[in-house]
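The values are calculated or read from the model by the stated rules, or taken from the named source; none is laboratory data. Being a predicted model, the structure only gives us computed values, none of them experimental. Every residue, glycine among them, receives a Cβ derived from its backbone with ideal geometry; neighbour counts consider all protein chains shown.
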Amino acid sequence: MIKRWLLAMLVSMSLLTSVSVERIDASAECPVSGLARPGTSIQRIESEGLERNYLLHVPAGYDSSRPVPLVVSLHGLASNAIQQAVYSRWNDVADRANFITVYPQGTGRPPRWNSGGSRLGGANGVDDVQFMRDLLADLAKRLCIDPARIYVNGISNGGGMSYRIACEMADQVAAIGTVAGAFYEFPGGCHPSRPVPVIAFHGTADPLVNFDGNPRLGLPKITTWAADWAARNGCTTSEAIPAKGEVSGIRYTGCKGHADVVLYRIEGGGHTWPGSPIPVFILGKTTRAINATETMWAFFEQHPLT
């Protein structure tokens, strides 16, 4: 099983650089007819003078005359867009709930996101916030996307980038989700224009992003990070999430703009995506007690942009 998964990952990395891309006319406006076919394809745009790639999945039930939600999922350091799609299984939920999923590709070797000021955070001079703005603008021209239901999530470095996007693109992104997020500080700090709902998942045995923080690497204690975000959102109450197996947590409510903050604590969990069918043993335990993708989507559905 593991050998087959590793082979699939190697093939996916090759595909991301070798598959030819069918360009779509970006001049059309929503509603669009005939431009998007159900299925998965590799697309590309230009941002800040760089050619950028992303994986696009359009559900079978897509109707170009009806606005649908958009979920953007960001891979971690040294991973790629196709791996993120396989690992998170967002497409399965998208086909059932009828929304569009996009998996952007980072830059550099290894691939990464410019999520903060640290070298590990991907500070390689690429403006990934602008790339995200360009990506959303391009998708809005090609597809019938509901601007009030755009959500971003990611794992590790991709989780850190989701955090930065919430800080700098609160005007466009309704809510974010993070898994094992590496939350580095970045120039200018975090000053969102509105309270942004957040749902996060972290394992207590994560070998890369320590649950209790890592001052040497500039990583905060996860519970402190969540409490700080709740304070930023003006949340007035909190309640414990009852333990279910190794999963427990805390939920902050009474927030401005109904911008709840939810943190799931995975006891003994590793640097892994909860509920993923693909275990990554070298990064620790993958819990089956909760499915991060399904749980994120339920949270996103309750938090459109207002």
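The table below lists the values:
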quantity	calculated
Meets criteria (in a loop (DSSP other than H, G, I, E, B), under 19 Å from the mean Cα position of the chain (by Cα) and buried (at least 24 other Cβ atoms within 10 Å of the Cβ)) for Gly181	yes
Residue among Ala170, Ala174, Ala166, Ala200 that alone is under 29 Å from Asn53 (Cβ atoms), out of contact with any strand residue (DSSP E or B) (no Cβ under 9 Å at 6 or more places or on another chain) and modelled with pLDDT of 95 or more	Ala170
Within segment 92-103, tally of residues that are touching a helix residue (DSSP H, G or I) at 6+ places or on another chain (Cβ under 6 Å) and either of a type in the set (D, E, K, R) or within 21 Å of Met132 (Cα to Cα) (or both)	2
Considering residues of segment 267-306 that are charged (D, E, K, R) and not in a loop (DSSP other than H, G, I, E, B) only, the residue surrounded by the most Cβ atoms within 10 Å (Cβ to Cβ)	Lys285
Segment 235-257, subset in a loop (DSSP other than H, G, I, E, B) and of a type outside the set (D, E, K, R), residue surrounded by the most Cβ atoms within 10 Å (Cβ to Cβ)	Cys255
Output for segment 187-202, where each listed residue is surrounded by 21 or more Cβ atoms within 10 Å (Cβ to Cβ) and either in a loop (DSSP other than H, G, I, E, B) or out of contact with any helix residue (DSSP H, G or I) (no Cβ under 9 Å at 6 or more places or on another chain) (or both)	Pro195, Val196, Pro197
Segment 33-59 - residue that is outside any strand (DSSP E or B) and among the small types (Gly, Ala, Ser) and, of those, surrounded by the fewest Cβ atoms within 10 Å (Cβ to Cβ)	Gly49
